[in-house]
Amino acid sequence: QGLHSLFVASGKLFFGTAIDTNNFDDTAYQTIATNKNEFGLYVPENSQKWGPIEPTQGQFRFANPDSVEAQAQNNDQIFRCHALAWHSQLPSFIANGTWTRPLLIAALQSHITIVMTHYKSRCYSWDVVNEALNDNGTLRDSVFLRVLGTDYLPLSFAAAAAADPSAKLYYNDFNLETIPAKADGAVRLVKLIQAAGVRIDGIGFQAHLTVGGTPSQAKLAATLNRFVALGLEVTLSELDIAHNKLPASARAVEQQAKDYVTAVGACLSVPKCVGITVWQFTDKYSWIPSTFPGKGDACLFTANFTKKPAYTAVARCI
Ligand code: XIL
């Protein structure tokens, strides 16, 4: 038994993890990562982003994400793909270029078309647009918004729909779980895309949560259901629950377990929540401490690959 096999038995499609090729030579890590009962889906943590995959315009580096996909295929795991239009981890030719509207449209469309065609019919889903919103629900500043206005949203989804009819097309963002104004912004974004007659299939709730700062299961489920009501499926796409203070107290460790159960329970309670992906399963490789100094220990396994109370509680609640 593992988290994925338990989740599948509960009617979900997957319980997955972010992973990338820099983790591959760690044998203790790989023992867990290649156990498909534990993790039934991979998403590349970094290697499919625009900067790594198209560092120079028109020159693509597929080797690393191809290796992630190959390991997924070897283990009979689903492959989730991430991310196409995003303001972060952009190559400098995009971020620092002087763009006219037609040239940026061409660059964006060809990036989406070439990358999605490379993985055609092999990605369960693509994060087509990532993190386009500010916490107050307005659209976030980016080269795409500055040059193309809101058109870049339907334009990206239209290019994605044309490139791979079989991939689910997702909008993915953080803090939608915790900030109602941001969820309002995401509802407006979905409606804008739908009003343009363009396909959007799902919302990825990143769910980068904090211990003690996780909304109740009912509130989380209600937020997910706002998007189900728009005809979409939903997923917790990058789940981790960070301690604000390290080392974590025994009480905080228990609270983390409760918060994980709350998040997993919310997905279980929403039929259109297709699955959950954790953003790495071990503290050894979590992005949290380097990005948010002082925070950490956000994963289900310790840095030594032992299961935390959060793991045990999640397995028990599924
Ligand atoms: C993070 C990675 O985990 C880090 O290794 C990298 O340095 C920065 O990006 N939202 C996303 C993810 O959509 O792509 C981010 O991943 C975490 C926040």
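Given the structure, is Phe174 among the hydrophobic types (A, V, I, L, M, F, W, C) and within 16 Å of the ligand (Cβ to nearest atom)? Walk me through it before giving the result.
Details: among the hydrophobic types (A, V, I, L, M, F, W, C): yes; within 16 Å of the ligand (Cβ to nearest atom): yes.
The answer is yes for Phe174.
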| Counting only residues that are more than 15 Å from the ligand (Cβ to nearest atom) and on the phi > 0 side of the Ramachandran plot, which one in the stretch 129-158 is surrounded by the fewest Cβ atoms within 10 Å (Cβ to Cβ)? | Gly149
| task | Just one of (1) under 18 Å from Leu148 (Cβ atoms); (2) within 21 Å of the chain's Cα centre (by Cα) trips up Gln89, so point out which. | result | (1)
| message | Need the failing condition index for Val211 against (1) within 16 Å of the ligand (Cβ to nearest atom); (2) buried (at least 23 other Cβ atoms within 10 Å of the Cβ), just the number. | response | (1)
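Here is a yes/no grid of residues against (1) acidic (Asp, Glu); (2) part of a helix (DSSP H, G or I); (3) more than 16 Å from the ligand (Cβ to nearest atom); (4) in contact with a strand residue (DSSP E or B) (Cβ under 8 Å, 6 or more places away or on another chain):
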| residue | (1), (2), (3), (4) |
| --- | --- |
| Leu90 | no, no, no, no |
| Phe93 | no, yes, yes, yes |
| Trp99 | no, no, yes, no |
| Leu104 | no, yes, yes, no |
| Ala107 | no, yes, yes, no |
| Ile112 | no, yes, yes, yes |
| Cys123 | no, no, no, yes |
| Asp127 | yes, no, no, yes |
| query | Would you say Leu84 is crowded, with 22+ Cβ neighbours inside 10 Å, closer than 23 Å to Tyr170 by Cα and either at pLDDT 95 or above or touching a Lys or Arg at 6+ places or on another chain (Cβ under 9 Å) (or both)? | reply | yes
| Conditions (1) over 27 Å from Leu41 (Cα atoms); (2) touching a Leu at 6+ places or on another chain (Cβ under 9 Å); number of the one not met by Arg146 | (2)
| Looking at Ala167, Ala161, which is the one that is more than 16 Å from the ligand (Cβ to nearest atom) and either free of Cβ contacts under 8 Å to residues at least 40 places away in the same chain or in contact with a helix residue (DSSP H, G or I) (Cβ under 6 Å, 6 or more places away or on another chain) (or both)? | Ala161
| query | Among the residues of the stretch 33-68, which ones are away from the ligand (no atom under 14 Å from the Cβ), surrounded by fewer than 21 Cβ atoms within 10 Å (Cβ to Cβ) and under 20 Å from the mean Cα position of the chain (by Cα)? | reply | Thr34, Lys36, Phe62, Asp66, Ser67
| field | Residues that are touching a His at 6+ places or on another chain (Cβ under 9 Å) and of a type in the set (S, T, N, Q), drawn from the stretch 256-303 | value | Gln256
| query | Which of the residues spanning the stretch 1-32 are within 16 Å of the ligand (Cβ to nearest atom), more than 17 Å from Asn304 (Cβ to Cβ) and surrounded by fewer than 19 Cβ atoms within 10 Å (Cβ to Cβ)? | reply | Thr21, Asn22, Phe24
| Wholly within the stretch 205-318, helices (runs of 4 or more DSSP H) carrying at least 1 residues that are touching a residue at least 40 places away in the same chain (Cβ under 8 Å) and within 20 Å of Leu13 (Cβ to Cβ) | 217-228, 250-269, 309-317
| message | Of the residues Phe205, Phe227, only one is within 14 Å of the ligand (Cβ to nearest atom) and either touching a strand residue (DSSP E or B) at 6+ places or on another chain (Cβ under 7 Å) or of a type outside the set (A, V, I, L, M) (or both); which? | response | Phe205
| Exactly one of (1) hydroxyl-bearing (Ser, Thr, Tyr); (2) under 20 Å from Glu233 (Cβ atoms); (3) part of a helix (DSSP H, G or I) is unmet by Tyr170. Its number? | (3)
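The values are calculated or read from the model by the stated rules, or taken from the named source; none is laboratory data. Only a predicted model underlies this, so the values are computations on that prediction, with no experimental measurement involved. Positions of Cβ are generated from backbone atoms using ideal geometry, with glycine treated the same way; all protein chains shown enter the neighbour counts.
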